[in-house]
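Below is one structure; the comments refer to it alone.
The values are calculated or read from the model by the stated rules, or taken from the named source; none is laboratory data. Values in this document were obtained by computation on a predicted structure and should not be read as measured data. When we count neighbours, we look across all protein chains shown, and the Cβ atoms used for this are built from the backbone with ideal geometry, even at glycine.
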Amino acid sequence: MLFRSCAGGVVFLEDKVLILKNEKDEWVLPKGAIRNGNLSRDTAINRVKEETGVNAEIVSSIGETCYEFYSISRQQPVCNEITWYLMSASNDHCELNKELGFKDVGFFSIEEALDMITYSQDRSLVSLSYRKFKELSEKELMV
């Protein structure tokens, strides 16, 4: 089995979350493999920018997930371990990267996004991250 370290972002803008539709018509979160000795934080920021055109900054780390799949191109099983970051965007401007096979991108209300997101693991991650994002936003307003 091939093991890959990846990083991604759960990006919020007020009460909306950034999701994108991949080449398999799955609604997912931006993420990618960590390469060339890059830090997971840098990979997350760069993948959000590369896949969606969104400039986002990291607010906090939010944990890890992993999943396995069979790679037809590699002819072997792959395990992706993803380090996730809670991120904040300053505006809702998106630029879809069609060269990477993406079909749609946008900021959606939390309820709408939870209905759209393909994988239950990603839905749980968005739910938990949104609660943390609201808590951190409220603390920031109190300061």
Could you list, in sequence order, all residues of region 1-39 that are surrounded by 19 or more Cβ atoms within 10 Å (Cβ to Cβ) and out of contact with any helix residue (DSSP H, G or I) (no Cβ under 7 Å at 6 or more places or on another chain)? 6
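Residues to consider are 72, 62; find the one that is β-branched (Val, Ile, Thr) and more than 23 Å from residue 124 (Cβ to Cβ). Even if it seems obvious, please write down each step before you answer.
Numbers: 62 fails: more than 23 Å from residue 124 (Cβ to Cβ).
Within the list 72, 62, the selection yields 72.
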Any residue at all in region 104-117 that is surrounded by 14 or more Cβ atoms within 10 Å (Cβ to Cβ) and modelled with pLDDT under 95? no
Give me a count of the residues in region 27-41 that are in a loop (DSSP other than H, G, I, E, B) and not polar (S, T, N, Q). 6
Matching option when the condition is in a loop (DSSP other than H, G, I, E, B), of a type in the set (A, V, I, L, M, F, W, C) and surrounded by 15 or more Cβ atoms within 10 Å (Cβ to Cβ), among 54, 48, 59: 54
Is there a residue in region 92-111 that is touching a strand residue (DSSP E or B) at 6+ places or on another chain (Cβ under 7 Å) and free of Cβ contacts under 8 Å to residues at least 40 places away in the same chain? no
Can you say whether residue 3 is touching a residue at least 60 places away in the same chain (Cβ under 8 Å) and among the aromatic types (Phe, Trp, Tyr), as far as the supplied structure shows? yes
Give the residue, chosen from 42, 25, that is modelled with pLDDT of 95 or more and on the phi > 0 side of the Ramachandran plot. 25
Answer with yes or no whether residue 82 is free of Cβ contacts under 8 Å to residues at least 12 places away in the same chain and aliphatic (A, V, I, L, M). no
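For region 103-143, which residues satisfy the criterion of being among the basic types (Lys, Arg) and in contact with a Ser or Thr (Cβ under 9 Å, 6 or more places away or on another chain)? Give the steps one after another, and end with the answer.
Here is the first cut: in region 103-143, the residues among the basic types (Lys, Arg) are 103, 123, 131-132, 134, 139.
Within region 103-143, just 132 meets the criteria.
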Any residue in region 17-40 that is of a type in the set (Lys, Arg) sitting within a Cβ distance under 8 Å of a residue that is part of a loop (DSSP other than H, G, I, E, B)? List the pairs, counting only those 6 or more apart or interchain. 21/102; 21/103
Determine whether region 84-99 contains at least one residue that is closer than 18 Å to residue 123 by Cβ, surrounded by 13 or more Cβ atoms within 10 Å (Cβ to Cβ), of a type in the set (Ser, Thr, Tyr) and modelled with pLDDT of 95 or more. yes
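Any chance region 74-83 includes a residue that's modelled with pLDDT of 95 or more and surrounded by fewer than 13 Cβ atoms within 10 Å (Cβ to Cβ)? Full working, then the answer.
Here is the first cut: in region 74-83, the ones modelled with pLDDT of 95 or more are 81-83.
Filter once more, so that each one left must be surrounded by fewer than 13 Cβ atoms within 10 Å (Cβ to Cβ): none.
No: region 74-83 contains no residue that is modelled with pLDDT of 95 or more and surrounded by fewer than 13 Cβ atoms within 10 Å (Cβ to Cβ).
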